[in-house]
1. Where residues in the range 50-70 are over 19 Å from the mean Cα position of the chain (by Cα) and of a type in the set (D, E, K, R), which of them is most open to solvent (accessible area, probe 1.4 Å)?
2. Only one residue in Val37, Val22, Val4, Val63 is farther than 29 Å from Glu77 by Cβ and of a type in the set (A, V, I, L, M, F, W, C), so which one is that?
3. Tell me which residues, restricted to the range 21-49, are aromatic (Phe, Trp, Tyr), open to solvent by 90 Å² or more (accessible area, probe 1.4 Å) and under 17 Å from the mean Cα position of the chain (by Cα).
4. Given the residues Phe48, Phe36, which is the only one that is touching a helix residue (DSSP H, G or I) at 6+ places or on another chain (Cβ under 7 Å) and in a helix (DSSP H, G or I)?
5. Has the range 6-20 got at least one residue that is charged (D, E, K, R), surrounded by 10 or more Cβ atoms within 10 Å (Cβ to Cβ), out of contact with any Asp or Glu (no Cβ under 8 Å at 6 or more places or on another chain) and modelled with pLDDT of 95 or more?
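The values are calculated or read from the model by the stated rules, or taken from the named source; none is laboratory data. Just so it is clear, the structure is predicted and the values come from calculations on it, not from any experiment. So basically every Cβ, Gly included, is an ideal-geometry build from the backbone, and we count neighbours across all protein chains shown. Only protein heavy atoms, including side chains, enter the accessible area calculation; ligands, DNA and RNA are left aside. Shrake-Rupley method; radii C 1.70, N 1.55, O 1.52, S 1.80 Å.
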Amino acid sequence: LARVNEMNGNMLSDATKFNTKVGATMQQLSKEWFGFVGKRLHEDIELFHAIHACRSLPDLQQVYTLFWQDAFAQYGEQM
């Protein structure tokens, strides 16, 4: 019986350590993801400001080009 209790205690201890590591990893991933989403939302808002400031078609094309270049680069980095 003492051996069974010891084995159960070891399994419980190992499971607790594993759950702690998984929890910390998930917390870090969530932090990074929400930081990325926040940054992209900020970029989206800035896009509307930049579009509003455009005075010509080339200005508009440049704003969209820069927006999408940055977006693709940031999504690529995040992956």
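1. Arg55
2. Of Val37, Val22, Val4, Val63, the one residue that is farther than 29 Å from Glu77 by Cβ and of a type in the set (A, V, I, L, M, F, W, C) is Val4.
3. Scanning the range 21-49 gives Trp33, Phe34.
4. On the way: Phe48 fails: touching a helix residue (DSSP H, G or I) at 6+ places or on another chain (Cβ under 7 Å).
Step by step, each of Phe48, Phe36 is checked, and only Phe36 is touching a helix residue (DSSP H, G or I) at 6+ places or on another chain (Cβ under 7 Å) and in a helix (DSSP H, G or I).
5. As a first pass, look at the range 6-20 and keep what is charged (D, E, K, R): 6, 14, 17.
With surrounded by 10 or more Cβ atoms within 10 Å (Cβ to Cβ) added as a condition, the list becomes 6, 14, 17.
Now narrow it down to the ones that are out of contact with any Asp or Glu (no Cβ under 8 Å at 6 or more places or on another chain): 6, 14, 17.
This time we only want the ones that are modelled with pLDDT of 95 or more, so: none.
There is no residue in the range 6-20 that is charged (D, E, K, R), surrounded by 10 or more Cβ atoms within 10 Å (Cβ to Cβ), out of contact with any Asp or Glu (no Cβ under 8 Å at 6 or more places or on another chain) and modelled with pLDDT of 95 or more.
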